[in-house]
Amino acid sequence: MRPWRLTRGFSRIGRTNALMSYTLKDTRMKDYLVLISCICFLIFLIPGRFRKYFAIGGWASIVGYLFLELPYYFSINNFMYPTIALLSLPFLYITAKYLLRDDPRVIQLSTIAAVAFLVYAPFGYIPALGDWLIAAVTDQTSAVLAAIGYPVNFTAWNMMERNGFRTEIILACTGIQSIAIMLGVAWGVRSTLRQKIAGFLLVFPTIYILNVLRNVFVITAYTEQWFPYLPGIASNGEFGYESFFWAHNVMAELGALIFLVILAYALFTVLPELGSLADGLYRLYRGEVEQIIRPKAGKADL
C-alpha cells in the first residue's frame, strides 16, 4: 500500500523519495533474485540428486533480496523486515547445512516454500492476473469503506482519495503473499487430498477477507489522520505520514503476525503432520543456534 498526499505534488511515500534514488540496476537485481528464487524452488520440486542445491539457491536468493530491500524499509521507518533480514543469515546457514545432509525436516520446509511460489508466481509474473487481483481488492476495499461511512474517490483504477490523501493499492496489499505462504504450509506437508482442500478453505477466504479489512483500517486511519503521533519516530518528512506509519507499519503488521500464528495453530488441527514438522524444525534450529551461541555446551539434542 502506498500513501500519497495531494498537496505535496504527488510525492510517493510507499515506495518513497528515498527509493527514487535507487538505480535501475538495483531494481533489476531484486527482480532477478525473486525470479531466480522462484525458478530454483520450482526445479527443487522435480525429483533428482541435485534438487537440494536448487533449494539452497532459492533460500539464498530470498536472503539476498531481503538485504537489497533494506534501504526501502529504512526509508519508511519499518524495522520489522530489517530484523527479519538479519535473522535470515543464521537461518540460511542452518538450512543449507541440513539440506546438504538431506534432512527430511528441511526438505519438507523447502517443499512448503516451493508450493508457496507456485501459488504466488502467476500473480507476480503475469501482469494481467496481478492487475486483476489488485483491481478486485481495490473495488472491495472501496465498497467496505463506503458501507461504513468513509467513501473514497478514485483517481486511478487502483488509487483512492479522501480528505486530500491518496492511497495506491499494489500487489502487496492483496494478501497474496500471506495466502501463498499459508497454502504452502497447508499443501506442502504430507496429507490427504481432503485435508489439503480443508486447508485451502481455511486459509484462502480467511486471509483474503481480513486483508480487505486491514486495507480499510489503514486507509481510514491515514485519510482521517487518526495517529499523528511521535513524528520523531514515525515521520519521513511527508505531511500526514505518521498516521500511515502507525496504522500500516506497526498496528497492521503486528495484527497480521498475531493472526498468522493463530491461523497456523488452526491448521495444526486440520493437518496433524504439520504439528510434528513444526516441532522437528523448532528443535533443529534451536539446537543449532544454541551450538553457535554456546559451542562448548555439547551437541544439542535434535
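Restricted to region 1-87, the set of helices (runs of 4 or more DSSP H) holding at least 2 residues that are modelled with pLDDT under 85 comprises 17-20, 24-44, 70-75. With respect to the conditions (1) under 29 Å from Gly149 (Cβ atoms); (2) touching a residue at least 24 places away in the same chain (Cβ under 8 Å); (3) touching a helix residue (DSSP H, G or I) at 6+ places or on another chain (Cβ under 8 Å); (4) among the hydroxyl-bearing types (Ser, Thr, Tyr), Tyr285 lacks only one, and its number is (1). Among the residues making up region 58-88, those that are closer than 27 Å to Gly232 by Cα, aliphatic (A, V, I, L, M) and more than 15 Å from the chain's Cα centre (by Cα) are Leu68, Ile76, Leu86, Leu87. Quick one: in region 136-156, which of the residues that are assigned to a loop (DSSP other than H, G, I, E, B) and touching a Ser or Thr at 6+ places or on another chain (Cβ under 7 Å) is surrounded by the most Cβ atoms within 10 Å (Cβ to Cβ)? Among them, the one singled out is Val152.
For region 187-205, which residues satisfy the criterion of being part of a helix (DSSP H, G or I), buried (at least 18 other Cβ atoms within 10 Å of the Cβ) and either on the phi > 0 side of the Ramachandran plot or not hydrophobic (A, V, I, L, M, F, W, C) (or both)?
Gly188, Gln195, Gly199 - these are the residues of region 187-205 that are part of a helix (DSSP H, G or I), buried (at least 18 other Cβ atoms within 10 Å of the Cβ) and either on the phi > 0 side of the Ramachandran plot or not hydrophobic (A, V, I, L, M, F, W, C) (or both).
Taking the numbered list (1) more than 30 Å from Leu109 (Cβ to Cβ); (2) outside any loop (DSSP other than H, G, I, E, B) in turn, Gly184 passes all entries but (1).
The values are calculated or read from the model by the stated rules, or taken from the named source; none is laboratory data. All values reported here derive from a predicted model rather than from experimental measurement. Reconstructed Cβ throughout: ideal geometry from the backbone, glycine too, with neighbour counts over all protein chains shown.
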